[in-house]
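Novice: Okay, here's the structure, questions in a sec.
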Amino acid sequence: MSVCKTTCPYCGVGCGVDVKRDGDLIAVSGDIDHPANRGKLCVKGSALGETLVPNNRLVHPFVEGVRESWDSALETLTTRLMQTIDRFGPGSVGFYLSGQLLTEDYYVANKLMKGFIGGANVDTNSRLCMASAVAAYKRSLGADYVPCTYDDLDDAEMIVMVGSNAAWTHPVLYQRIEAAKTENPHKRIVLIDPRRTATADLADQHLAIQPGSDGFLFGGLLRYTNARDLIDSEWVQAHTSGAQEALAAVADLSLEVVSRHTGLSIAQLEQFYAAFANTERVLTFYSQGINQSASGTDDCNAIINCHLALGRIGQPGMGPFSITGQPNAMGGREVGGLATQLAAHMDFTAEDVDRVGRFWGSDRLAQAPGLKAVDLFRAAADGDIKFLWIMATNPAVSLPDSAAVKTALERCETVVVSDCVRDTETNRYAHILLPAMGWGEKSGTVTNSERTISRQRQFLPPAGEARADWHIVTDVARRMGFADAFPFESPADVFREHAGLSAFENNGARDFDIGALADITDADYENLPPTRWPLPADGRSEEHLPAFFADRRMRLVSVVPRLPDVDEDSSPSTREFVVNSGRLRDQWHTMTRTGLAGSLARHRRFLSASMNPVDLERIGAKAGEVILIQNATGRVTAIAEADAGTKQGEVFLPIHWSDCFSSEGKVSGLFPGVTDPISGQPQSKYARASIRPLKTSNWTYMVVADDSGVSPVLDSAVYWSQVRIDGGLLMIVAGGDPEVIASRIQDDLGEQRPLSLSSPKANYRIWAGDRVNCAMFSCTRCEDLPEPSWLESLLTRELPRRRWQLLAGYDPGVEDQGPLVCSCWEVGEKAIRAAIRDGADSVSEISESLRCGTRCGSCLPEVRSILTSETAAPAPDEQTA
Ligand code: SF4
């Protein structure tokens, strides 16, 4: 059996993956040799094999909805592109790229736009992920340089996790931190997050700050270190500038002031500040929770300032460590695939433009930064962007103010989308749709959060007519007349040029230098092991301190903290709740890929909104009912979930649902497109909204088999949400009339009559031929909905000899396990609680008896939290007292 070493296409941890293939059988496991994960994979990585299915794959080019040959589609694209440039200039063209592209794809797209079209409107969905971290590094270090590695997580004595639910979003790093803490119980973990998330289980201290008050917390820390004479003045004087101004900016941030803004007690602040200031090896691990803010750049600089004031940078186990959300956000940054960079960590100075122009052999280089993501789509809505090429991303769902994005896509004269997925919300607006290779088909490199370049290798033939993105763009460039500058025949050709540009006239002046790989052979490229940059051709060693300004000093940046903008024009009722958004454990982005894996759907099947139980009661809603979250820019309907870890006055919504998966699930629509003035990153963790229950009198679960021909009509529903399961789809519908839904299903299935059974509480209907095509369970109260596992099982099981047995509802062979906790071994919450009641009194004993957590380990924080809740529960006699 052959083994292909490749890289996971999801988060920025960048785990190495071994793919074993035997005919159609594909087995995925962690690469024991990869430094990022040392053989581990989280639940999403472990389920990669399940996503390699033909469902919803885009396999042919389409122009205006009609299938075309590649030649014809690319000719149409090129003609429209050149006509747009001729009529309106290069500024009328925009490329919107993605952290899911490979570095080679990014490089060719960036080169075409900035080098040959001559505009700079090339931005990326990475703008939504880490643009604030980039801007802050550049302001402090002089370059977009991440000054930490994963080894530092092992070496640190204290790790401060800010705005990161790593237990769910970066599980392999979370488990690495957990293992290091087990090894060294004195390692201190502090979590800073308004919510009590799964990550809090590992924390010695959880600081549940007011949303968006991080700048006050870290500004206060800087002042605290100064007030107690803890600043390393000698070091600061030798290696930094700007300290006096930065200290002056935080002079008013007394403990009392910080306490007022953050909602933390003075005792909590003092405990955290003293620990930070007095720990030599302290590392701050931060992610989208801090980046996705209108003050994200300043907040990141507030963190970096503290590390610089204490000299906690540039040595093992310390430093400000930004963790990226996407698999190749870093590769895009290296290439310069952001509107604010030119290429290879060069900006738009006259010197850089001249240098890159000479390297590319072009005299038509873009001279100034282009439009950042949100502004790019606003310009399309205003009619200034006439041609928009979107690659490997779904901005109709992921960008804020999605109603405005929809308008932009409707108004833009030519929208091109290259993607591996056929039906996404964005693709519905495409005039030209191009099939791109997906994971396993494409070949190239990605860079993870610690600057390690890894190969994504091909182990599958392309689906249908799919092509690599770099190949598609190269073809267009050649048709535009730039064949000499785009001679690429393979990803290795592209990579060599990318590496060559990084080293061109560098001589140590720029941090990003992989010149040692500029002449890499095809064979060495194919076998390239994980490699961390910098990697200059002359073998210069890495700088001890990450100081890239000409004076080789790092900068403390003057930061005056501020709270998130609130729309004061809206009425108080629409400002009642703070909306926070984030990722779930088992899903990725807009679910176009993870949504294909039935096992990943069972952790959280449907779109739900987490609220504090006190708030739920106050608005008159119960857990399990539908609530409407609404503000001036959008609305979301979701199932209410009671979560004591969510603060009163806040609601947490997962980002994954779109109109393809739910009735009104686009959380991005609630965020009004407020951006950080420096980085342009949208504020996606803070909006104001009103919330009210939507009382419904009908609830339906429905399973629909693939190829059954059934397409449920749900226009009368108040809420619906669906997930892929083995063999088809599982849907929940609230408020739709079951009789109307059933009659439309009957229309689809013609002669096939349903088995049906009614009781005072519920109705079952099952349409079956040789197999179950469709089944419905309807009731009038949400609390009468059963755990849907038994319904799901109908699609994959053999029919009983006596079919009426299907109507018994519960199949004795299908155990109701409650919500799934361990996706790898399919262990539900009820089984875990039962094991605890049977005497398992530690996570390891539960794992031993049920196997949960023994494979990828992603569920262990939840197992621990169930254990805590069970052991904290009152004794039965107390409950009845
Ligand atoms: Fe993939 Fe999980 Fe590793 Fe992230 S932590 S790269 S999602 S396996």
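Novice: Taking the criterion of being in contact (Cβ under 8 Å) with a residue 60 or more places away in the chain, within 16 Å of the ligand (Cβ to nearest atom) and in contact with a Cys (Cβ under 8 Å, 6 or more places away or on another chain), would at least one residue in the stretch 93-113 satisfy it?
Specialist: Yes; the residues of the stretch 93-113 include at least one that is in contact (Cβ under 8 Å) with a residue 60 or more places away in the chain, within 16 Å of the ligand (Cβ to nearest atom) and in contact with a Cys (Cβ under 8 Å, 6 or more places away or on another chain).
Novice: Checking S684 against (1) within 24 Å of W767 (Cα to Cα); (2) within 24 Å of the chain's Cα centre (by Cα); (3) among the hydroxyl-bearing types (S, T, Y), which single condition isn't satisfied?
Specialist: Result: S684 passes all but (1).
Novice: Could you give every pair whose Cβ atoms fall below 7 Å, whose first residue belongs to the stretch 11-29 and is over 15 Å from G440 (Cα atoms) and more than 7 Å from the ligand (Cβ to nearest atom), and whose second residue is open to solvent by 20 Å² or more (accessible area, probe 1.4 Å) and modelled with pLDDT of 95 or more, counting only separations of at least 6 or pairs across chains?
Specialist: Close Cβ pairs (under 7 Å, with a partner that is open to solvent by 20 Å² or more (accessible area, probe 1.4 Å) and modelled with pLDDT of 95 or more) do not exist here.
Novice: Given T84, T7, which one is within 16 Å of the ligand (Cβ to nearest atom) and polar (S, T, N, Q)? Walk me through it before giving the result.
Specialist: Numbers: T84 fails: within 16 Å of the ligand (Cβ to nearest atom).
Answer to the check: T7.
Novice: If you don't mind, there's one more thing I want to ask. Could you please tell me which pairs satisfy a Cβ distance under 6 Å, a separation of 6+ or placement on different chains, a first residue in the stretch 633-651 that is in contact (Cβ under 8 Å) with a residue 24 or more places away in the chain and in a loop (DSSP other than H, G, I, E, B), and a second residue that is surrounded by fewer than 21 Cβ atoms within 10 Å (Cβ to Cβ) and among the β-branched types (V, I, T)?
Specialist: Taking only residues 6 or more apart or on different chains, the pairs are Q648/V614.
Novice: Could I ask something else about it? Of all strands (runs of 3 or more DSSP E) completely enclosed by the stretch 710-811, which ones contain at least 2 residues that are of a type in the set (S, T, N, Q)?
Specialist: 719-725, 755-758, 772-779
Novice: Out of all the residues in the stretch 298-324, which are of a type in the set (V, I, T) and either open to solvent by 10 Å² or more (accessible area, probe 1.4 Å) or out of contact with any Gly (no Cβ under 7 Å at 6 or more places or on another chain) (or both)? Step through it out loud before you land on a result.
Specialist: Step one: of the stretch 298-324, the residues of a type in the set (V, I, T) are 303-304, 313, 323-324.
Within the stretch 298-324, I303, I304 qualify.
Novice: Here is a further query. Looking only at the stretch 818-856, count how many residues are more than 18 Å from D586 (Cβ to Cβ) and touching a Cys at 6+ places or on another chain (Cβ under 7 Å).
Specialist: Summing the residues that are more than 18 Å from D586 (Cβ to Cβ) and touching a Cys at 6+ places or on another chain (Cβ under 7 Å) in the stretch 818-856 gives 1.
Matching residues to (1) open to solvent by 40 Å² or more (accessible area, probe 1.4 Å); (2) part of a loop (DSSP other than H, G, I, E, B); (3) farther than 20 Å from E64 by Cβ; (4) of a type outside the set (F, W, Y):
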position	(1), (2), (3), (4)
F359	yes, no, yes, no
R364	yes, yes, yes, yes
Q367	yes, yes, yes, yes
V374	no, no, yes, yes
W389	no, no, no, no
K406	yes, no, no, yes
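Novice: Do you know which of the residues in the stretch 168-205 that are of a type in the set (G, A, S) and open to solvent by 10 Å² or more (accessible area, probe 1.4 Å) is farthest from the ligand (Cβ to nearest atom)?
Specialist: In the first step, residues of the stretch 168-205 are kept if they are of a type in the set (G, A, S); the result is 179-180, 198, 200, 203.
Subsequent filtering for residues that are open to solvent by 10 Å² or more (accessible area, probe 1.4 Å) retains 179-180, 198, 203.
Details: A179: 14, A180: 16, A198: 14, A203: 19 Å.
Only one residue fits best here, namely A203.
Novice: Which of the residues that make up the stretch 134-163 are farther than 24 Å from L501 by Cα, of a type outside the set (S, T, Y) and touching a helix residue (DSSP H, G or I) at 6+ places or on another chain (Cβ under 9 Å)?
Specialist: Residues of the stretch 134-163 farther than 24 Å from L501 by Cα: 136, 140, 148-163.
Filter once more, so that each one left must be of a type outside the set (S, T, Y): 136, 148, 151-163.
Within the stretch 134-163, A136, L153, D154, D155, A156, M158, I159, V160, M161, V162, G163 qualify.
Novice: Look through R422, R478 and report the one residue that is at pLDDT below 95 and open to solvent by 10 Å² or more (accessible area, probe 1.4 Å). Give the derivation first.
Specialist: Numbers: R478 fails: at pLDDT below 95.
So the residue among R422, R478 that is at pLDDT below 95 and open to solvent by 10 Å² or more (accessible area, probe 1.4 Å) is R422.
Novice: Inspect all residues belonging to the stretch 116-129 and state whether any of them is over 22 Å from the mean Cα position of the chain (by Cα) and in a helix (DSSP H, G or I). Quick ask: steps written out before the conclusion?
Specialist: First, pick out the residues of the stretch 116-129 that are over 22 Å from the mean Cα position of the chain (by Cα): 116-121.
Then keep just the ones that are in a helix (DSSP H, G or I); that gives 116-117.
The answer is yes, given that some residue of the stretch 116-129 is over 22 Å from the mean Cα position of the chain (by Cα) and in a helix (DSSP H, G or I).
Novice: In addition: Inspect the stretch 770-787 for any residue being open to solvent by less than 20 Å² (accessible area, probe 1.4 Å) and at pLDDT below 85 and give the result as yes or no.
Specialist: Checked the stretch 770-787: at least one residue is open to solvent by less than 20 Å² (accessible area, probe 1.4 Å) and at pLDDT below 85.
Novice: Looking only at the stretch 342-357, which residues are open to solvent by less than 10 Å² (accessible area, probe 1.4 Å) and assigned to a loop (DSSP other than H, G, I, E, B)?
Specialist: L342, A344
Novice: Being outside any helix (DSSP H, G or I), more than 13 Å from the ligand (Cβ to nearest atom) and either open to solvent by less than 10 Å² (accessible area, probe 1.4 Å) or of a type outside the set (D, E) (or both) is the requirement here; does H34 meet it? Show your work before the answer.
Specialist: Numbers: outside any helix (DSSP H, G or I): yes; more than 13 Å from the ligand (Cβ to nearest atom): no; either open to solvent by less than 10 Å² (accessible area, probe 1.4 Å) or of a type outside the set (D, E) (or both): yes.
Considered against the rule, which asks whether it is outside any helix (DSSP H, G or I), more than 13 Å from the ligand (Cβ to nearest atom) and either open to solvent by less than 10 Å² (accessible area, probe 1.4 Å) or of a type outside the set (D, E) (or both), H34 comes out as no.
Novice: Which condition from (1) part of a loop (DSSP other than H, G, I, E, B); (2) under 24 Å from the mean Cα position of the chain (by Cα); (3) of a type in the set (D, E) is the one that D384 breaks?
Specialist: (2)
Novice: Could we say that T79 is within 16 Å of the ligand (Cβ to nearest atom) and either modelled with pLDDT of 95 or more or aliphatic (A, V, I, L, M) (or both) here?
Specialist: Numbers: within 16 Å of the ligand (Cβ to nearest atom): no; either modelled with pLDDT of 95 or more or aliphatic (A, V, I, L, M) (or both): yes.
When the stated conditions are applied, T79 does not pass them.
Novice: Just the residues that are open to solvent by 20 Å² or more (accessible area, probe 1.4 Å) and either closer than 30 Å to S164 by Cα or of a type in the set (A, V, I, L, M) (or both), please, taken from the stretch 694-709.
Specialist: Of everything in the stretch 694-709, just one residue is open to solvent by 20 Å² or more (accessible area, probe 1.4 Å) and either closer than 30 Å to S164 by Cα or of a type in the set (A, V, I, L, M) (or both), namely L694.
Novice: Read through the list (1) under 23 Å from the mean Cα position of the chain (by Cα); (2) open to solvent by less than 10 Å² (accessible area, probe 1.4 Å); (3) under 28 Å from G444 (Cα atoms); (4) modelled with pLDDT of 95 or more, then give the number of the only condition that P147 fails.
Specialist: Among (1) under 23 Å from the mean Cα position of the chain (by Cα); (2) open to solvent by less than 10 Å² (accessible area, probe 1.4 Å); (3) under 28 Å from G444 (Cα atoms); (4) modelled with pLDDT of 95 or more, the lone unmet condition for P147 is (2).
Novice: Scanning for something surrounded by fewer than 16 Cβ atoms within 10 Å (Cβ to Cβ) and over 21 Å from S789 (Cβ atoms), does the stretch 721-734 turn up at least one residue?
Specialist: Let us first name the residues in the stretch 721-734 that are surrounded by fewer than 16 Cβ atoms within 10 Å (Cβ to Cβ), namely 726.
Okay, now just the ones that are also over 21 Å from S789 (Cβ atoms), so none.
Checking the stretch 721-734: not a single residue is surrounded by fewer than 16 Cβ atoms within 10 Å (Cβ to Cβ) and over 21 Å from S789 (Cβ atoms).
Novice: Turning to a different aspect of this structure: Quick one: L253 ticks every box in (1) in a helix (DSSP H, G or I); (2) buried (at least 16 other Cβ atoms within 10 Å of the Cβ) except a single one, so which number is it?
Specialist: Result: L253 fails condition (1) only.
Novice: Residues being open to solvent by less than 10 Å² (accessible area, probe 1.4 Å), away from the ligand (no atom under 16 Å from the Cβ) and within 18 Å of L376 (Cβ to Cβ): count how many of those fall in the stretch 325-340.
Specialist: 7
Novice: If you don't mind, another one. If the requirement is being in contact with a helix residue (DSSP H, G or I) (Cβ under 8 Å, 6 or more places away or on another chain) and closer than 30 Å to T297 by Cβ, which of these qualifies: S690, S708, S684? Explain how you work it out, then say what you get.
Specialist: Numbers: S690 fails: closer than 30 Å to T297 by Cβ; S708 fails: closer than 30 Å to T297 by Cβ.
It is S684.
Novice: Quick check: anything in the stretch 501-516 charged (D, E, K, R) and either at pLDDT below 90 or not in a loop (DSSP other than H, G, I, E, B) (or both)?
Specialist: no
Novice: Does H471 satisfy being in a helix (DSSP H, G or I), open to solvent by 10 Å² or more (accessible area, probe 1.4 Å) and within 22 Å of L112 (Cα to Cα)? Step through it out loud before you land on a result.
Specialist: On the way: in a helix (DSSP H, G or I): yes; open to solvent by 10 Å² or more (accessible area, probe 1.4 Å): yes; within 22 Å of L112 (Cα to Cα): yes.
Yes, satisfied.
Novice: Name the single residue, out of those in the stretch 39-73 being over 14 Å from G464 (Cα atoms), free of Cβ contacts under 8 Å to residues at least 24 places away in the same chain and assigned to a loop (DSSP other than H, G, I, E, B), that is farthest from the ligand (Cβ to nearest atom).
Specialist: G65
The values are calculated or read from the model by the stated rules, or taken from the named source; none is laboratory data. Remember, it's a predicted structure, so these values are computed and weren't measured experimentally. Neighbour counts are summed over all protein chains in view; Cβ atoms, including those assigned to glycine, are modelled from backbone coordinates with ideal geometry. All accessible areas refer to the heavy atoms of the entire protein, side chains included, with ligands and DNA or RNA removed. Shrake-Rupley method; radii C 1.70, N 1.55, O 1.52, S 1.80 Å.
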